[in-house]
1. Does any residue in region 129-154 that is closer than 16 Å to R44 by Cβ come within less than 6 Å, Cβ to Cβ, of a residue that is at pLDDT below 75 six or more places away or on a different chain, and which pairs are these?
2. Looking at (1) out of contact with any helix residue (DSSP H, G or I) (no Cβ under 8 Å at 6 or more places or on another chain); (2) closer than 19 Å to M1 by Cβ; (3) of a type in the set (K, R), which is the one condition that is false for K68?
3. Of the residues I78, I143, which single one is surrounded by 12 or more Cβ atoms within 10 Å (Cβ to Cβ) and modelled with pLDDT under 80?
4. Report, by residue number, each residue of region 114-128 that is more than 16 Å from K51 (Cβ to Cβ) and either without any contact (Cβ under 8 Å) to a residue 24 or more places away in the chain or open to solvent by 50 Å² or more (accessible area, probe 1.4 Å) (or both).
5. Being touching a residue at least 12 places away in the same chain (Cβ under 8 Å), aliphatic (A, V, I, L, M) and more than 19 Å from Q3 (Cβ to Cβ) narrows it down to one of I85, I78, so name that one.
6. Search region 88-113 for residues being of a type in the set (G, A, S) and touching a residue at least 24 places away in the same chain (Cβ under 8 Å), and hand back the single one that is most open to solvent (accessible area, probe 1.4 Å).
7. Identify, by number, the condition in (1) out of contact with any helix residue (DSSP H, G or I) (no Cβ under 6 Å at 6 or more places or on another chain); (2) closer than 23 Å to I143 by Cβ; (3) surrounded by 18 or more Cβ atoms within 10 Å (Cβ to Cβ) that P24 doesn't meet.
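The values are calculated or read from the model by the stated rules, or taken from the named source; none is laboratory data. Computed from a prediction, not measured in an experiment: that's the story for all the values here. Quick reminder, even Gly has a Cβ in these numbers, built from the backbone with ideal geometry, and neighbours come from all protein chains shown. What goes into the accessible areas is simple: the full protein's heavy atoms, side chains included, and nothing from ligands, DNA or RNA. Shrake-Rupley method; radii C 1.70, N 1.55, O 1.52, S 1.80 Å.
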Amino acid sequence: MIQVVILAGGPGENLWPLSRQKMPKQFLKLLDNDMSLFQITVNRFITLKKKYLEYEFKLTVVCNDSNKFLVKQQALEIEEFNFDIIAEPINRKTTAAITSALELFNDEDMVLVIPSDQIWDENEFCECVLKLLLKNHEGISFIGVKPYYPATRF
């Protein structure tokens, strides 16, 4: 099974004054009048699932406890599907969010962790994920923007 983890727990400080603790940037409709960045990410997952029917996908969203109802509402605005929500009582950053999600999965599961606020071309994203699936290796692979300089904040 391919476990897809969407990280949606940002504190809402990076795009102030639009983004606030009660409405972090991933839940704002910035690029598309109909969908937030989070909804675009969920839609990307739905496209991936429909495009590669031979694989079994499951979605887990990790968010702040204060945003769990917003996650459910925005996800269900797109399409009815099953997903789990891990609501963190205190924001402990990316590593803790990923570790919490990994506790729910089996050792045989492949895990795809994606942030809820990145912009991808949907077809390119699906092609990148398919390449990773076809490699079928044990270990960790990363997809994303190639860095231009070293940075410790990522």
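1. Matching pairs, first to second residue: L132/S141.
2. K68 satisfies every listed condition except (2).
3. Unique residue meeting the criteria: I143.
4. Listed by number, the residues that qualify are D117, Q118, I119.
5. Being touching a residue at least 12 places away in the same chain (Cβ under 8 Å), aliphatic (A, V, I, L, M) and more than 19 Å from Q3 (Cβ to Cβ) holds for just one of I85, I78, which is I78.
6. The extreme case among them is S100.
7. Of (1) out of contact with any helix residue (DSSP H, G or I) (no Cβ under 6 Å at 6 or more places or on another chain); (2) closer than 23 Å to I143 by Cβ; (3) surrounded by 18 or more Cβ atoms within 10 Å (Cβ to Cβ), only one is false for P24: (2).
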